[in-house]
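Asker: Handing you this structure, nothing more for now.
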Amino acid sequence: MGGFIGVVGKQDVISDVFFGTDYHSHLGTKSGGIAAYDPEIGLQRNIHNITASPFRTKFEHIFEQMRGTSAVGCINDTDPQPLLIRSHLGTYAICIVGVVNNSERLLSEQLSNSVHFNAMTGGKLNSTELIAALINQKKSFTEGIIFAQSVIEGTANILILRDDGSIIAARDLWGRLPVSVGRKEDGMCVSLEGFAYAKLGYETVRELGPGEIVELHSDGETVLQPPRAKKRICAFLWSYYGYPTSEYEGVTVETMRYRNGSIMALNDIKDGSLPDIDYVCGVPDSGTPHAIGYSLTSGVPFARPFIKYTPTWPRSFMPENQKDRNRVAKMKQIPVHELIRDKSLLFVDDSIVRGTQLRETVEFLSAHGAKSVHMRSACPPIMYGCKYLAFSRSTSELELITRSTIMELEGEEGANHLEEYSDPSTERGKRMRSEICRKLCFDSLEFQTLEGLCRAIGIDKDCLCTYCWDGRE
């Protein structure tokens, strides 16, 4: 994943872009970068690896190193960016958020036209440079962006800082990720996260539509390409990786999660599957608001049986190695013994992908005297690896706990019955849940339904991307 922000103003905007980019830190931990335009200096760029240090630490001297009346910043988990590109369209800085799944085919086509690329370590191609090469094939940025988005398989939100100080922003064709436009007295901005610029004094003008392209100047915006009618915004924005204060399509993440947990509790009550428990708990951090909603509706008290120690390790997934990530996650869990010993606990997590860390969490709770641990997933069973945003690190669908369990239960034939396995009322659905409980040491397990998740979001299912749950393109 990743996020970006761009600002055009009448005065120096480096401060706004520095803080605005930092507010996207929940979306990426690998690299960060800022590019700026100043009428006297021209384009400048600064990129740092932020794997072991937060963005603001690596860029704390940026105010002495760069200046500009327009700038863009990005944080991501993929390739270093923004890149500075020189072409017949001019010199510009470009950054993207998304994933290109057919990069090897597109690369071959470009190489056959005598186009060359910088190679990263191991010969890997920077996807941002590939998209820039596609854009450069056309006579204008608008034509180039439309062409690039039409030929890539995946998703690409694009932000371009031109050598005249203007900024071009494009939302991906299906609107799987948001892009918001903000304004204040002396400037305009565009950002993936609206709250990032709200804290800087900008007010939201609107959200771009799917495939829409705009150009920003300090005193306003020009629509270069109107939005498409159809939208498929990622439902995981609300259930998992969106920041609690974020608002997408008019729906706030935190309140959606309360509703989601409430619907899950109602489902358990209706089905008679609400266990006899002492506390409802959230797997921190994103599982917590779902758990609060579950607690309020079920009437079972909410508690935090363990607290994450985050001053030095703010994220369990920061290390690249899975073994190290698991170890860090375990080290961060500081128990509250009074809330664990001899207690029956129900935990709500935002999702269950591989399940490795959840198994270790249950073992940790059992070691500290928990009587039983029940698990609820705030989203449906994940049956397909995300091919649009690459929000998880899974390289194969068999890395998903659901698919590996189905393979063990039924072999390849199980892939023909994924809808049944998702449904808790079917025999296949019951068998999968029972087997996952055995593997991960849960006393019971249930998932939110797709209908319940969509109801919690409050947006028509036809406007949501639900591919990872139902395989719907």
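Asker: Cross-link candidates for residue 439: which lysines have Cα within less than 17 Å, leaving aside residues fewer than 8 places away along the same chain?
Answerer: Within reach: 430.
Asker: Step through the residues of region 171-183 one at a time and calculate ³J(HN,Hα) from phi using the Karplus curve (6.51 cos²θ - 1.76 cosθ + 1.60, θ = phi - 60°), rounding each to whole Hz and writing x for Gly and Pro.
Answerer: 8, 4, 4, 9, x, 5, 10, x, 9, 10, 10, x, 9
Asker: Same structure, new question: What distance in nm separates the two pseudo spin-label positions at residue 143 and residue 420, each 7 Å out from Cα along the beta-carbon direction?
Answerer: Computed distance between label sites residue 143 and residue 420 equals 5.4 nm.
Asker: Still on this structure: Just order 373-381, 49-57, 80-88 by mean Cβ neighbour count inside 10 Å, highest at the front, would you?
Answerer: Final packing ranking: 373-381, 80-88, 49-57.
Asker: What does the charge count near residue 375 come to, summing +1 for each Lys or Arg and -1 for each Asp or Glu among other residues with Cβ under 9 Å from its Cβ?
Answerer: Values: positive: 376; negative: 349, 443, 446.
Residues near residue 375 contribute -2 overall.
Asker: On average, how much area does the Cα convex hull of region 325-473 cover when viewed from any direction, in nm²?
Answerer: Seen from a random direction, the Cα hull of region 325-473 projects 9.7 nm² on average.
Asker: Quick one: net charge of residue 203's neighbours, Cβ under 11 Å, K/R +1, D/E -1?
Answerer: It works out to a net charge of +2.
Asker: Can you list the aspartates and glutamates whose alpha carbon sits under 19 Å from that of residue 124, skipping same-chain ones fewer than 8 residues off?
Answerer: Within reach: 77, 79, 104, 109, 153, 320.
Asker: Could you compute the FRET efficiency for residue 270 and residue 331, with r as their C-beta to C-beta distance and R0 at 45 Å, rounded to 0.05?
Answerer: The calculated FRET efficiency here is 0.70.
Asker: Calculate, in nm to one decimal, what residue 112 and residue 86 gain on full extension: separation in residues at 0.36 nm each, minus their alpha carbon distance. Intermediate values should be presented prior to the final figure.
Answerer: Numbers: separation 26, 0.36 × 26 = 9.36 nm, distance 2.04 nm.
That works out to 7.3 nm of additional length.
Asker: Determine the calculated [θ] at 222 nm for the chain from helices alone, applying -39500 (n - 2.57) to every DSSP H run no shorter than 4 residues and normalising by the residue count; nearest 500 deg cm²/dmol.
Answerer: -9000 deg cm²/dmol
Asker: Give the long-range amide H neighbours of residue 225: residues separated by 5 or more places, or on another chain, with amide H under 5 Å away, using H modelled in the peptide plane at 1.01 Å from N.
Answerer: The answer is 213.
Asker: If you don't mind, there's one more thing I want to ask. On a full-extension model of 0.36 nm per residue, what is the gain between residue 102 and residue 409, subtracting their alpha-carbon distance, rounded to one decimal in nm?
Answerer: Once the chain is fully extended between residue 102 and residue 409, it gains 107.2 nm.
Asker: A follow-up question, please. Taking the alpha-carbon centroid of each part, what is the distance from region 202-223 to region 118-183 in angstrom?
Answerer: 16
Asker: How far apart, in nanometres, would the label points at residue 367 and residue 342 be if each is projected 7 angstrom from Cα along the Cα-to-Cβ direction?
Answerer: 2.3
Asker: Would you mind computing, in nm to one decimal, how far apart the modelled labels at residue 472 and residue 255 are, each placed 7 Å from Cα along Cα→Cβ?
Answerer: My value for the distance between the label points is 2.4 nm.
Asker: In addition: Test of understanding: ordering 361, 222 by Cβ neighbours within 10 Å, fewest first, what list do you get?
Answerer: So the ranking, lowest neighbour count to highest, is 222, 361.
Asker: A follow-up question, please. Quick query: amide H of residue 449 versus all other amide H atoms, modeled in the peptide plane; which residues come in under 5 Å with a sequence gap of 5 or more or a different chain?
Answerer: Counting only residues 5 or more places away or on other chains, the set is empty.
Asker: OK, next. Using a Cα-Cα cut-off of under 19 Å, which lysines could be cross-linked to residue 332, ignoring same-chain neighbours fewer than 8 residues away?
Answerer: 308, 323
Asker: Relative contact order of region 2-230: what whole-number percent is it, with Cα pairs under 8 angstrom and at least 6 residues apart?
Answerer: Contact order relative to length: 22 percent.
Where a number appears in this text, it was derived from the coordinates with a stated rule and is not lab data. Small disclaimer: the values here were computed from a predicted structure and weren't measured. Neighbour counts run over all protein chains shown; Cβ positions are idealised from the backbone, glycine included.
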